[in-house]
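Before I ask anything, here is the structure I am working with.
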Amino acid sequence: MQATLRAAALAATLCLGAFGAHAVTLKISCGAVGLEFQLCKEESDAWAQKTGHEVQVINAPNDSNERLALYQQILGSGSDKIDIYQIDVVWPGLLANHLIDLKPFTKGAEKAHFPAIVANNTVGDKLVAMPWFTDAGLLFYRKDLLAKYKVAPPTTWDALAAAAKKIQDGERAAGNPKMWGFVWQGRAYEGLSCNATEWLASFGGGAIVEPNGKVSVNNANAIKALQTAAGWVGTITPKAVLNYAEEDSRGVFQSGNAVFLRNWPYVWALAHKPDSQIAGKVGVMPLPAGGSGSSGGRSAATLGGWQLSVSKYSKNAAVAADLVNYLVSAAVQKDRAIKASYNPTLPALYQDADVMAANPFMAELASTFAAAVSRPSTVTAAQYNQVSNLFWNAAHDVLSGKAKAPQAVADLDRQLNKLAPADKWN
Ligand code: GLC
């Protein structure tokens, strides 16, 4: 017995000796939308195996703003409870003070990522996060149903509403009372800000707060955009959408009960898994353009995506940065793209035959990704979450019928101007 223990201890010492450092336990907080949690765990375990360190993957709420509240609570108390944070593309300005500069650890690896994301993740001269995957809002649709009803993939919201109604009515009459035309994310949370940003941009209604700091939301096109979306609720969209986040809307679509779905790229891989009821029946295209005729609408996708950051309160920041480098590397991003359709942040992977074969839309919709519209997080920085909160509540009130669009944007305009610093956001 003694001998066995001694042998085990010796083996452990040799093992750590080979790794050249004492083993530490890192805690990483990953998302859990779709396959996120499972992949984060597998990848972190692979790194742990290689390095002799241990990693605990911590589950955080799925809704981005709830996750932010939790992170702010932990970071605000200076706690080292979490070493590595998965952070949303709209948070670098909000969290920068709590995060380390990763540059001393990356050996310039950030230069291989999309420069716009690296710029987004750079606050002052600190690189506070490494890009992990990028997102843009897309329109998923049932190819089989559009073919059955001889409907072309819709390029305007009006065409989408007409197609959704026709197919919904037809399928209900044919025996599926649960069928709906169009599902999306209408809960009062960050995801609604993403959907509503697309509606506004697609109608030429601006970006709520413009990059020069001006509050622009009180305009006729923004009103039209919100009225259009409110018109879907109860007709082509179930009222329950007012409480849907990403996974709720995917659930309805993937169980075969919706014709169109607005969501992020991760849906592609899940919709095509062998156990999916809609495998092989799904198409994906840019979101429809707003306006009809004269008001000159366009297709608009909100830019999303997630990054990895190291807490400045971590006791093992250098080791944590090593795990971040590993997770954002080309090999891991390639694997994530193939298994779960996470769009890489490395342009080189868009030339990779395996990634493209698994995700043809990544090349086909390249211009959608390139032109994705940003939420006003850079200009409003530390106040972004308050700005977004006011915006999603205003949108939610219009969708639920609690407020009329003209009044809602006028009130929002007033609230935002009150929130803005005296010298405006710029
Ligand atoms: C996706 C996007 C993220 C966004 C969130 C909203 O996760 O990548 O940027 O904030 O959806 O629900």
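The values are calculated or read from the model by the stated rules, or taken from the named source; none is laboratory data. Since we're looking at a predicted model, the values are computed, not measured. A quick note on method: Cβ atoms are made from the backbone with ideal geometry, for glycine too, and the neighbour counts reach across all protein chains shown. Each accessible area value is taken on the protein alone, full model and side chains, heavy atoms only, with ligands, DNA and RNA left out. Shrake-Rupley method; radii C 1.70, N 1.55, O 1.52, S 1.80 Å.
Quick one: which helices (runs of 4 or more DSSP H) sit completely within the stretch 317-398 and have at least 1 residues that are of a type in the set (Val, Ile, Thr) and within 16 Å of the ligand (Cβ to nearest atom)?
The qualifying helices (runs of 4 or more DSSP H) are 366-370, 377-380.
On to the next question. Of the conditions (1) closer than 18 Å to MET130 by Cα; (2) open to solvent by 30 Å² or more (accessible area, probe 1.4 Å); (3) not hydroxyl-bearing (Ser, Thr, Tyr), ARG298 fails just one. Which one is it?
(1)
(1) part of a loop (DSSP other than H, G, I, E, B); (2) on the phi < 0 side of the Ramachandran plot; (3) surrounded by fewer than 22 Cβ atoms within 10 Å (Cβ to Cβ); (4) away from the ligand (no atom under 16 Å from the Cβ): which one isn't true of ALA207, the others all being true?
ALA207 satisfies every listed condition except (4).
Any residue at all in the stretch 303-312 that is within 16 Å of the ligand (Cβ to nearest atom), at pLDDT 95 or above, under 27 Å from SER255 (Cα atoms) and among the small types (Gly, Ala, Ser)?
Yes: the stretch 303-312 contains one or more residues that are within 16 Å of the ligand (Cβ to nearest atom), at pLDDT 95 or above, under 27 Å from SER255 (Cα atoms) and among the small types (Gly, Ala, Ser).
Identify, by number, the condition in (1) touching a strand residue (DSSP E or B) at 6+ places or on another chain (Cβ under 9 Å); (2) free of Cβ contacts under 8 Å to residues at least 60 places away in the same chain that PRO344 doesn't meet.
It is condition (2) that PRO344 fails.
So in the stretch 246-268, with the set limited to residues that are part of a helix (DSSP H, G or I) and open to solvent by less than 10 Å² (accessible area, probe 1.4 Å), which one is nearest to ASN195 (Cα to Cα)?
The qualifying residue nearest to ASN195 (Cα to Cα) is SER249.
Further question on the same structure: Tally time: how many residues in the stretch 226-245 are open to solvent by less than 30 Å² (accessible area, probe 1.4 Å), farther than 24 Å from GLY206 by Cα and either of a type in the set (Lys, Arg) or in a helix (DSSP H, G or I) (or both)?
1
Further question: Starting from residues that are among the β-branched types (Val, Ile, Thr) and outside any loop (DSSP other than H, G, I, E, B), keep the ones in the stretch 210-225 and report whichever is most open to solvent (accessible area, probe 1.4 Å).
Here the answer is ILE223.
Something else now. Evaluate the following for ALA230: is it assigned by TED's automatic domain parsing to the domain that holds VAL409 and closer than 21 Å to LYS404 by Cβ?
Taking the combined requirement at face value, the residue satisfies it.
Please work out if LYS111 is open to solvent by 50 Å² or more (accessible area, probe 1.4 Å), within 15 Å of ALA317 (Cα to Cα) and either without any contact (Cβ under 8 Å) to a residue 40 or more places away in the chain or within 16 Å of the ligand (Cβ to nearest atom) (or both).
Criteria not met by LYS111.
Yes/no matrix, rows are residues, columns are (1) within 16 Å of the ligand (Cβ to nearest atom); (2) of a type in the set (A, V, I, L, M, F, W, C):
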| residue | (1), (2) |
| --- | --- |
| GLY256 | no, no |
| VAL259 | no, yes |
| ARG262 | yes, no |
| LYS273 | no, no |
| LYS281 | no, no |
| GLY290 | no, no |
| ALA300 | yes, yes |
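Sticking with this structure for a sec: With the requirement that a residue be within 16 Å of the ligand (Cβ to nearest atom) and open to solvent by 10 Å² or more (accessible area, probe 1.4 Å), what does the stretch 65-88 give you?
ASN65, GLU66, ALA69, LEU70, GLN72
Shifting gears a bit: For the condition touching a residue at least 12 places away in the same chain (Cβ under 8 Å), among the polar types (S, T, N, Q) and surrounded by fewer than 24 Cβ atoms within 10 Å (Cβ to Cβ), what is the one hit in GLN386, GLN351, GLN307?
GLN386
OK, next. Being of a type in the set (S, T, N, Q), at pLDDT 95 or above, buried (at least 17 other Cβ atoms within 10 Å of the Cβ) and within 16 Å of the ligand (Cβ to nearest atom) narrows it down to one of GLN168, GLN185, so name that one.
GLN185
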